[in-house]
Amino acid sequence: MSKPLNKHLLLLILILLVMARKAPGQEQKRFDLSYYKGRAVSNNFGSLVTDPWIYKDSEIESIALAYHLDGKIRQITFETEGQFTKHSGLQDHWESNFLLNTRLTFFENGLATSISYGQGISYAFGTPYIEQDESTRSNRLLNYFQVELTFGLKYVPHYPRLFFRIHHRSGVFGVYCGGGCGSNFPSVGIRAGF
């Protein structure tokens with residue numbers, strides 16, 4: 001890990017700790033801690049719904065910390081999220097992702113269900129081999145986004161949830177790298193609030 005990156009991670013942690021402090025007369029902000037695991041597929045993002053998945057021998061395990069921001073628009077809430085991801089199989093490196101999520105929640109009085117979309121940046125600490133082929137080289141720095149479906153028990157302590165997420169690194173149609181770089185990891189995970 002490079003020294004400038006260590007400074008940025010330390011700064012991010014410091015900012016999160018300051019934001020989490022309870023101000024006088026203010027309710028404590030809520031964090032979520034998540035763990036999820038996924039396996040790479042050859043499908044591009046657009047074909048994940050329409051075509052059978054073609055799995056690759058590459059897996060991820062991720063831990064994520066989300067901070068719920070103030071304000072909402074009807075049932076839509078906003079959160080920031082930081083992740084650390086370990087790749088194994090065809091790839092063997094770490095990845096970090098920082099993003100802003102929007103979340104729409106349904107059925108809050110029963111099995112709380114939500115859908116989420118998040119957008120941010122992703123940095124791979126090694127060469128992301130599965131994101132490139134003979135004609136395209138991937139970059140360590142790419143766009144990151146996720147889509148997620150979550151089910152939880154809102155009135156149980158720590159609000160436990162199960163979720164399905166597409167963990168997606170993208171070159172954004174050539175903005176970060178050539179036309180075909182990127183990866184998709186359909187994933188399942190668990191989440192708790194504190």
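Order the following by accessible area, largest value first: Arg39, Arg137, Arg103. Probe radius 1.4 Å; ligands, DNA and RNA are ignored.
Sorted descending by solvent-accessible area, the residues read Arg137, Arg39, Arg103.
Suppose R0 equals 25 Å; then what is the FRET efficiency for Ile63 and Thr102 from their Cβ-Cβ distance, rounded to the nearest 0.05?
Working: r = 22 Å, r/R0 = 0.86.
E between Ile63 and Thr102, to the nearest 0.05, is 0.70.
Could you work out the relative contact order of the range 59-194, using alpha carbon pairs under 8 angstrom and six or more residues apart, expressed as a whole percent?
Details: 351 pairs, mean separation 23.6, N = 136.
Taking the mean separation of contacting Cα pairs over the length of the range 59-194, I get 17 percent.
What are the extents of the Cα atoms of the range 91-194 along their three principal axes, listed from largest to smallest and rounded to whole Å?
51, 25, 18
Multiply the residue gap between Arg137 and Phe45 by 0.36 nm, knock off their C-alpha separation, and tell me the result in nm, one decimal place.
On the way: separation 92, 0.36 × 92 = 33.12 nm, distance 1.83 nm.
Once the chain is fully extended between Arg137 and Phe45, it gains 31.3 nm.
Using Cα pairs closer than 8 Å and at least 6 residues apart in sequence, work out the relative contact order for the range 122-194, in percent.
Working: 150 pairs, mean separation 23.0, N = 73.
After rounding, I find 32 percent.
Accessible area per residue, 1.4 Å probe, Å², for the range 73-194: what's the number? Don't skip to the answer; put the middle values down first.
Values: 6060 Å² over 122 residues.
Computed with neighbouring chains in place, this is 50 Å² per residue.
For the range 66-140, what's the radius of gyration and Dmax over Cα atoms, in angstrom?
Rg then Dmax for the range 66-140, in Å: 16.7, 52.
Taking 0.36 nm per intervening residue step and subtracting the Cα-Cα distance, what contour gain separates Asp92 from Lys37 on full extension? List each step's numbers first, then the result.
Numbers: separation 55, 0.36 × 55 = 19.80 nm, distance 1.49 nm.
This chain segment gains 18.3 nm when fully extended.
Note the full-extension length gain between Ile76 and Thr113 as 0.36 nm times their separation in residues minus their Cα-Cα distance, in nm to one decimal. Provide the component values of the computation, followed by the final result.
Working: separation 37, 0.36 × 37 = 13.32 nm, distance 1.23 nm.
Separation in residues times 0.36 nm, less the Cα-Cα distance, equals 12.1 nm.
Tell me, what is the 1.4 Å probe accessible area of Trp94, in Å² to the nearest 10?
130
The values are calculated or read from the model by the stated rules, or taken from the named source; none is laboratory data. No experiment lies behind these values; they were computed from the predicted model shown. Cβ: placed from backbone, ideal geometry, glycine included. Neighbour counts: every protein chain shown. SASA here: full protein model, heavy atoms, side chains in, ligands and nucleic acids out. Shrake-Rupley method; radii C 1.70, N 1.55, O 1.52, S 1.80 Å.
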